[in-house]
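All remarks here apply to the structure that follows.
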Amino acid sequence: MSFFQASFDARSAAVRVRFGAGVRHKLADEIGRLGCHRALILSTPPQAEGAMQLAADLKGLAAGVFTRAAMHTPVAVTDDAVAHVRSVDADCLVALGGGSTTGLGKAIAYRTDLPQIVIPTTYAGSEATWILGQTENGVKTTVADPIIQPEVILYDAELVRTLPVDMTVTSALNAMAHAAEALYAENRNPMSTMLAIEGLRAFAAALPRVIENPQDLDARGETLYGAWLCGTVLGQVGMALHHKLCHTLGGSFDLPHAETHAVVLPHAIAYNAHAVPDLLAPVAEIFGGSSPGQALFDFARSMGAPSSLRELGFKRDDISKATDLATRKPYWNPQPVARPAIDELLLAAWAGDPPAA
Ligand code: NAD
């Protein structure tokens, strides 16, 4: 199979990536490489112990710990964190955690231009992008700027072993969604397509082994490798209908981020497979199904992912409102985003039905 395209534009960010079980122990070297001496360690409250441990290991290189990262990056938390950065005179940031903690580090960097080192503990992939989503007064806005891009990523498989199995599955499907939509992105390029296909393949091969044994370090490593590829691709190309639906459901109906991705993905991919069957053919090949949407649906179910929006708390009566919001200012999409079809898509996702053929 060739990924050649007759014309394309491409860009990639200058990010230093170190990968390997135990690589978090190289953190002091990385702070030194950045020319920094006073790192502020960030985490969510449940991951405070890990953040404290990192700080203890860093000895004099740790300026402090801030453990109040929260989902959707509330601006009020960022303001407090920036004040903390100044009070401890930090010269770099270390984010230990998933997309929420990475989001806090990016939000601080956006305001201070401090360099960031991210140690991801989920598969969300935010560490590989210069996109920041933040919330204020209940409204989520997104900014994209090169100063948001973390400078260093340390992928340490030992740290994802504690991710509970249900979150492992939904986080993996969240990552896979970036790769699946990258296959038909309007601004895709041969490299983004290669990354996307290899990212999907890594999850298809390793996620079942992680579910069987969450402590399997090789399998955890391969899923983290998939997360790096899928996150990198998210930083390179635009997303389409699937992400628009998930942002609508998360932003206006407060549905949980990764779980919503897990439920919607097979339906959005089935919808777009009508327009771009060739571009999505690798999905069916990798996951072994009759069609890309069905293959993802079967894979997600076999991994124990939630299969309906109903079980996530979404109400059938809200389908029409969600369709309004998702179709009013749609993202570019290979298949026209038309009202009756989106109603049907959301109804099937709400009910947990297989995607429409
Ligand atoms: P998260 O960071 O909110 O983590 C969920 C929970 O799991 C938290 O309580 C966290 O402390 C805990 N946790 C994380 N790793 C763990 C581990 N290894 N063991 C035990 N517990 C662990 O969830 P997420 O899905 O990684 O991130 C979601 C957020 O990231 C959303 O706000 C989303 O919008 C954002 N995001 C942004 C981008 C981007 O490019 N800007 C990309 C993807 C996601």
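Mean separation of Cα pairs under 8 Å and 6+ residues apart, divided by the residue count of region 23-155: what relative contact order is that in percent?
Relative CO of region 23-155 lands at 24 percent.
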Q.
Among Ser290, Ser171, Ser126, which one shows the highest mean-square fluctuation when the chain is modelled as a Gaussian network with alpha-carbon springs under 10 Å?
A. Ser290
Q: Tell me, for the chain, which Cys residues have no other cysteine's C-beta sitting closer than 4.7 Å.
A: Cys230, Cys246
Q. Residue separation times 0.36 nm, minus the C-alpha to C-alpha distance between Ser302 and Arg33: what's the value?
A. 92.5 nm
Q. From the square roots a ≥ b ≥ c of the eigenvalues of the alpha-carbon gyration tensor of region 111-260, which class results: rounded (a/c under 1.5), prolate (a/b over b/c), or oblate?
A. rounded
(Q) Less than 12 Å apart at the alpha-carbon level, and either on another chain or at least 8 residues along: which aspartates and glutamates does that give for Lys106? (A) Glu127, Asp145, Glu151
**Q.** Principal-axis tilt of helix 339-351 within the chain, Cα atoms, nearest 10 degrees
**A.** 70
Q. Just how far, in whole angstrom, is region 197-219 from region 236-297 if you go by their alpha carbon centroids?
A. 20
**Q.** Nearest-ten-degree value, helix 241-253 long axis tilted from longest Cα axis of the chain
**A.** 70
Q.
With both bridge residues required to lie in region 23-155, what share of the DSSP beta bridges run antiparallel, to the nearest 5%?
A. 25
Q | Binned Cα-Cα distances of region 134-207, short to long, each 10 Å bin given as a whole percent | A | 15, 31, 41, 12, 0
Q | For Phe19, residues with placed amide H under 5 Å, excluding near neighbours | A | Tyr155
Q. Where does helix 217-234 land angle-wise versus the long Cα axis of the chain, in degrees 0 to 90, nearest 10?
A. 80
Q. Taking the DSSP beta bridges in the chain as the whole, what percent of them are antiparallel, to the nearest 5?
A. 25
Q.
For Lys321, give me every one of the aspartates and glutamates with a C-alpha distance below 12 angstrom, ignoring sequence neighbours fewer than eight places off in its own chain.
A. Asp343
Q | Net charge, Pro282 excluded, C-beta distance under 11 Å - Lys, Arg +1, Asp, Glu -1 | A | -2
**Q.** Percentage relative contact order, the chain, counting C-alpha pairs under 8 Å, at least six apart
**A.** 15
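Once you have a ≥ b ≥ c as the square roots of the Cα gyration tensor eigenvalues for region 53-99, tell me rounded if a/c is under 1.5, and otherwise prolate or oblate according to whether a/b is larger than b/c.
Values: a/c = 2.77, a/b = 1.39, b/c = 1.99.
Oblate.
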Q: Name the lysines eligible as straight-distance cross-link partners of Lys315: C-alpha to C-alpha under 26 Å, and not fewer than 8 places from it in the same chain.
A: Lys140, Lys244, Lys329
Q: Please list, in chain and number order, the residues 5+ apart from Ala95 or on another chain whose amide H is under 5 Å from its amide H, with Hs placed from the backbone.
A: Leu42, Ile117, Val118, Ile119
Q. Which whole-Hz couplings ³J(HN,Hα) result when phi for each residue of region 165-172 is put into the Karplus expression 6.51 cos²θ - 1.76 cosθ + 1.60, θ = phi - 60°, listed in order with x for Gly and Pro?
A. 4, 4, 6, 4, 5, 5, 5, 5
Q. So which residue, out of Ser87, Ser43, Ser192, gets the largest mean-square fluctuation from a GNM of the chain using Cα contacts under 10 Å as springs?
A. Ser87
Q. Taking only the alpha-carbon positions of region 23-155 and ignoring solvent, what does the Debye formula give for the base-10 log of I(q)/I(0) at q = 0.09 Å⁻¹?
A. -0.21
**Q.** Fraction of the pair-distance distribution of region 22-66 above 17 Å, Cα-Cα pairs, percent
**A.** 28
Q.
Restricted to Cα positions, what overall size does region 165-351 have along the principal axes? Three whole-Å values, descending.
A. 44, 35, 30
Q | Dimensions (Å) - region 250-357, Cα atoms, principal axes, largest first | A | 35, 31, 20
(Q) Below 8 Å between Cα atoms, with a sequence gap of 6+, how large is the relative contact order for region 201-351 in percent? (A) 24
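Can you pull the Kirkwood radius for the chain, inverse mean 1/r over Cα pairs, to one decimal in Å? Could the numbers behind the result be given before it?
Details: mean 1/r = 0.0488 Å⁻¹.
Mean inverse Cα-Cα distance, inverted, gives 20.5 Å.
No value in this document is a laboratory result; all are computed from the given coordinates. Just so it is clear, the model here is predicted, and its values are computed rather than measured. A quick note on method: Cβ atoms are made from the backbone with ideal geometry, for glycine too, and the neighbour counts reach across all protein chains shown.
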